[in-house]
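Contents: one structure, followed by commentary.
Rule-based calculations on the coordinates, nothing more; no lab input. Please read these numbers as outputs of a predicted model, since none were measured by experiment. For neighbour counting, all protein chains shown are included, and Cβ atoms are generated from backbone atoms with ideal geometry for every residue, glycine included.
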Amino acid sequence: MLKMKGERMNKKTIRDIDVNGKKVLVRVDFNVPLSSKDPQDSITVTDDLRIQAALPTLSYLLEHGAALILCSHLGRPKSPADKQYAMGPVATRLSVLLARPVTKLDEVVGDQVTTAVAAMKPGDVILLENTRFAAGETKNDPELSQKLGALADIYVNDAFGSAHRAHASTEGAARAIQSKGGAAVAGFLMEKELNALGTAVSNPPHPYVAIMGGAKISDKIKLIENLLNTADKILIGGGMANTFLKAKGQEVGTSLIEADALPEAKRLLELAGERLILPQDLVVADKFAADAAAKVVPAWGIPAHQMALDVGPDTLEHFNQELQGAQLVVWNGPMGVFEFDRFAEGTNNLAKLLAQLVNMGVQVIIGGGDSAAAVMKAGLADKMTHISTGGGASLELLEGKVLPGIAVLDNK
Ligand code: ADP
Ligand code: MG
């Protein structure tokens with residue numbers, strides 16, 4: 001088991017292979033926000049962070065003499081008729097960022113693609129149409145995988161956020177290229193994720209403290225369970241803390257809890273004993289609203305008609321003490337309803353605390369879509385050791401699962 005985990009992280013990257021004169025199929029994550037859902041509008045990319053994040057890999061490959069065939073999914077189209085999810089706006093933005101022409105094709109595979117790819121020279125860049133326009137993509141259809149694989153000599157995956165899905169563009173195409181003797185390797189973004197999260201999964205330095213929060217416990221039972229195997233203690237905040245408090249028999253007023261998850265919460269509390277640490281005080285309000293009147297109460301004293309929307313200052317102080325001496329911290333899930341400024345303090349103060357720990361040499365890794373957003377909103381993103389770009393994928397990796405898009409890549 002451990003050996004397998006070690007191998008999984010020991011993947012070849014684009015540095016390990018020769019790409020000169022080769023056609024390279026790169027699975028990127030260009031799933032970016034768009035300005036409109038109406039295909040009649042001139043749709044533009046409103047946030048190009050993900051396109052920018054792919055540039056180191058793309059530039060490296062171009063500088064080393066490759067021709068690039070790029071593919072990504074964008075949104076959740078039901079069919080190619082969902083024109084608002086076409087890749088045109090992405091190609092326009094990418095072309096500006098790369099400062100070279102990007103040819104956007106109108107299909108994922110087919111005659112147009114085959115002809116265009118046959119004419120490619122080193123330095124050329126083609127962007128295929130939204131992979132989810134192809135019916136076989138999410139089914140990991142062998143025929144689609146073969147057709148994608150037939151386009152290139154080498155497969156590169158730089159889309160960590162999609163690696164937990166066995167789709168034609170994330171798994172099948174890699175196999176198709178391997179079966180004709182080609183390499184399937186990680187790009188730089190993928191490599192960074194594997195180095196950071198891989199350490200936490202397979203070989204964490206100790207003391208290792210995990211911090212969990214967010215809305216629901218039910219999404220994260222497996223994750224907490226696996227963290228109990230790898231981490232020394234788990235600090236709990238956010239909505240999920242309410243379910244744990246309730247499971248301990250405390251009154252939680254009108255707080256968000258998951259009644260169905262109470263038995264699991266009890267089981268985890270028993271399993272963890274002292275190692276699972278709950279909030280000592282909470283910020284409560286009479287309603288779930290940005291302007292709700294807030295006050296701090298002890299965790300054992302949530303009033304009947306109030307709901308907990310954030311952790312309090314004593315909790316932060318206690319967490320601070322628990323974090324002293326840690327070598328590795330993994331954080332997933334906001335401490336409160338950070339979308340409302342009034343209930344964002346617990347999350348923001350934790351982010352500040354973690355930034356200080358990074359300064360002292362502690363490795364701090366953030367996983368989860370909302371957690372990453374909260375740290376960015378707090379302006380502390382560049383202060384952390386690593387912020388994972390893959391929401392679901394990072395959580396599955398931390399759960400100890402094998403991700404198909406990673407497992408398929410060539411081992412070193
Ligand atoms: P991540 O995406 O980082 O894994 P989650 O999706 O699990 O995080 O949780 C994020 C959500 O949890 C946020 O929308 C936040 O408002 C919500 N949340 C945090 N604390 C509470 C709380 N006490 N009550 C209700 N919702 C909460
Ligand atoms: Mg989320």
Which percentage, to the nearest 5, of the DSSP beta bridges contained in segment 196-398 is antiparallel? 35
Distant-in-sequence amide H partners of I387 (H built 1.01 Å from N, under 5 Å): I366
When only Cα pairs under 8 Å and 6 or more residues apart are kept, what is the percent relative contact order across the chain? 16
Two decimals, Cα atoms only, Kirkwood Rh: what is Rg/Rh over segment 4-189? 0.94
For K104, give me every one of the lysines with a C-alpha distance below 19 angstrom, ignoring sequence neighbours fewer than eight places off in its own chain. K23, K83, K121, K147
The long-range amide H neighbours of N31, using H built 1.01 Å from N in the peptide plane and a cut-off of under 5 Å, are none
Phi-based couplings in Hz for segment 199-207 (Karplus 6.51, -1.76, 1.60; Gly and Pro marked x): 4, 5, 7, 9, 8, x, x, 10, x
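Neighbour counts of other C-beta atoms within 10 Å: give me D41, D106, D48 arranged from fewest to most. Intermediate values should be presented prior to the final figure.
Numbers: D41 11, D106 14, D48 19.
Lowest to highest Cβ neighbour count: D41, D106, D48.
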Does anyone have the angle between helix 221-230 and the longest principal axis of the chain? Alpha-carbon axes, 0 to 90°, nearest 10? 90
Which angle from 0 to 90°, rounded to the nearest 10, does the C-alpha axis of helix 49-63 make with the longest principal axis of the chain? 40
If each of S95 and K83 carries a label point 7 Å out from its Cα toward its Cβ, how far apart are those two points in nm? 1.9
Using +1 on the beta carbon of Lys and Arg, -1 on that of Asp and Glu, and nothing else charged, what's the dipole of the chain about the Cα centre, debye to 20? 840
Just add up the charged neighbours of A351: K/R +1, D/E -1, any other residue whose Cβ is under 11 Å from the Cβ of A351. +2
For E274 and D16, what is the calculated FRET efficiency with R₀ set at 45 Å and r taken between the beta-carbons, to the nearest 0.05? 0.50
Could you tell me whether the chain comes out rounded, prolate or oblate from its Cα gyration tensor? Rule is a ≥ b ≥ c as square roots of the eigenvalues, rounded for a/c under 1.5, then prolate if a/b exceeds b/c, otherwise oblate. prolate
Using the charge dipole of the chain (Lys, Arg: +1 at Cβ; Asp, Glu: -1 at Cβ; taken about the Cα centre), state which of V284, M120, L309 has its Cα farthest towards the positive end. M120
Expressed as a whole number of Å, what is the distance separating the alpha-carbon centroids of segment 28-101 and segment 211-274? 39
What list of ³J(HN,Hα) values in whole Hz, one per residue of segment 280-286 in order, does the Karplus curve 6.51 cos²θ - 1.76 cosθ + 1.60 (θ = phi - 60°) give from phi, with Gly and Pro shown as x? 9, 9, 9, 9, 10, 8, 7
Near K287, which lysines are there with a Cα under 29 Å away, not counting those fewer than 8 places off in the same chain? K216, K220, K246, K248, K266, K295, K352, K377
In Hz, Karplus ³J(HN,Hα) per residue of segment 173-189 (6.51, -1.76, 1.60; θ = phi - 60°; x = Gly, Pro): 5, 4, 4, 4, 6, 4, 5, 9, x, x, 8, 10, 9, 8, x, 5, 5
Please compute the length gained on full extension between A304 and M360, using 0.36 nm multiplied by the number of residues separating them and subtracting their Cα-Cα distance. 16.0 nm
Out of residues 5 or more away from T13 or on other chains, whose amide H comes under 5 Å of its own, with H placed 1.01 Å from N in the peptide plane? A186
Helix 88-98 axis, angle to the chain major axis (alpha carbon atoms, nearest 10°): 90
Straight-line reach from K412: which aspartates and glutamates have a Cα under 13 Å away, not including same-chain ones fewer than 8 places off? E7, D16, E191
Return Y155, Y60 ranked ascending by Cβ neighbour count within 10 Å, so the fewest neighbours appear first. Y60, Y155
Return a whole-number percent for the relative contact order of segment 4-189, with Cα pairs under 8 Å and 6 or more residues apart as the contact set. 28
Taking Cα pairs closer than 8 Å and at least 6 residues apart, the relative contact order of segment 317-375 in percent is 44
